[in-house]
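A short worksheet on the structure shown next.
Derivation of every value follows stated rules applied to the coordinates shown; laboratory data play no part. This structure is a prediction, so every number in the text was calculated from the model and none was measured. Cβ atoms come from the backbone with ideal geometry, glycine included; neighbour counts cover every protein chain shown.
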Amino acid sequence: MEATIEVRELRKRYGPTTAVDELTFTVHPGQVTGFVGPNGAGKSTTLRVILGLDRPDSGAALVGGRSYHQLRSPLREVGAMLDASALHPARGARNHLLWLAHAGGLPTRRVDEVLEQVGLASVAKRPAGGFSLGMRQRLGIAAALIGDPPVLMFDEPVNGLDPEGVRWIRGLLRALAGQGRAVLVSSHLMSELEGSADHLVVIGRGRLIADSTVRELLAAASGDRVVLRTADRLAAMTVLANAGATVAATDSDAVTVSGMPAADIVALLTEHRVSFFGISGHQASLEEAYMELTRDAVEFGELSGTERQA
């Protein structure tokens, strides 16, 4: 089976609300693809359609070239964590995974392997109802991994994890992609994907906003801005603004300058005898790039119940 997820012109409505609107993207093997957008953007709806939990109104969502219902052994072909709380509270972690393994025709040894992999071996017999949110997240990840599938999908995987757990999941995602798997991670927080995502698919109001590598998005967001550090901020801003540059104070001794090359900034400040002690190209963060892309796609005001689910 080819390790890919293909979403082709996908459209899904709930009554009068269009949750997903002609959405097209591909998740390739060997990459962590971040699937991001504001709350209500349509991320969860898209994941549900990919997993056959909802039927699209038009278009298609394929795993390895086939719809979910056509997969011969779903647990061996795609693993997913959509809702970590979807488990029987009185059932132990190991028994929960044993039930999945038996249902999917998987060997019992996989249960112990994934419990060890996610760090739950020592609490395998404890009822899942007593687990913290972070532990339930780990159990949900174990369930996704149990069939050793080439395609993996995680919805908000770091929710409830402590800083150590966040570092762990980032390392796990990178390792899974390094094994040639296609990894799709849905989130509305860019901090979840910092240091792990190779590619980003950004949606807003059900539509595609961007489909690009992280490097390309950061380069576009950084633009031609220059960060100037000076003890005489007011004088520097005045000189640069009078010369036609766009300036903004970003710290007590920092100014962001747009519309003027660094060499011209240096020459201008030197000419006007304005001292400075640092100048460098602005490096945008993933959060900045995301906010710029989704600025017009954020839903303000009270959302309907359907939109909250989207």
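In terms of Cα atoms, the Rg and Dmax of the stretch 224-283 work out to 9.7, 27 Å.
Using θ = phi - 60° in the Karplus curve 6.51 cos²θ - 1.76 cosθ + 1.60, the 3J(HN,Hα) couplings for the stretch 209-223 round to 9, 8, 9, 7, 6, 4, 4, 5, 5, 5, 5, 5, 6, 5, x Hz; x is entered for Gly and Pro.
In the chain, the sites counted are GluC sites (Glu not before Pro) in DSSP loop states with at most 16 other Cβ atoms within 10 Å, and the longest stretch holding none of them, exclusive of the sites, is 3-193.
The magnitude of the dipole of the chain, with charges of +1 and -1 set on the Cβ of Lys/Arg and Asp/Glu and taken from the Cα centre, is near 1260 debye. Amide hydrogen proximity for THR250: with H placed 1.01 Å from N in the peptide plane, the residues at 5 or more positions away or on another chain lying under 5 Å are VAL255, THR256.
Sorting ILE169, ILE5, ILE279 by the number of Cβ atoms found within 10 Å of their own Cβ, with the fewest placed first, yields ILE279, ILE169, ILE5.
Each Cα pair under 8 Å and six or more residues apart adds its sequence gap; the mean of these over the residue count of the stretch 224-283 is a relative contact order of 50 percent.
Taking the DSSP beta bridges with both ends in the stretch 102-237, the antiparallel portion is around 55 percent. Each stretch of four or more DSSP H residues adds -39500 (n - 2.57); spread over every residue of the chain, this sum gives -9500 deg cm²/dmol at 222 nm.
By the count of other C-beta atoms within 10 Å, a proxy for reagent exposure, PHE35, PHE277, PHE25 are ordered fewest to most as PHE277, PHE25, PHE35. Less than 5 angstrom separates the built amide H of VAL32 from those of ASP198, HIS199, all sequence-distant by 5 or more or on a different chain.
Taking every DSSP beta bridge that has both ends in the chain, the antiparallel portion is near 65%. Using alpha carbon centroids, what distance separates the stretch 91-158 and the stretch 206-256, in Å? Here the two parts' Cα centres lie 46 Å apart.
Looking at the chain, identify the longest residue range that excludes and avoids all trypsin sites (Lys or Arg not before Pro) in DSSP loops having at most 14 other Cβ atoms within 10 Å. It works out to 126-272. Of the residues GLY30, ALA144, ILE265, the one whose Cα sits farthest towards the positive end of the charge dipole of the chain is ALA144 (charges of +1 on Lys and Arg Cβ, -1 on Asp and Glu Cβ, taken about the Cα centre).
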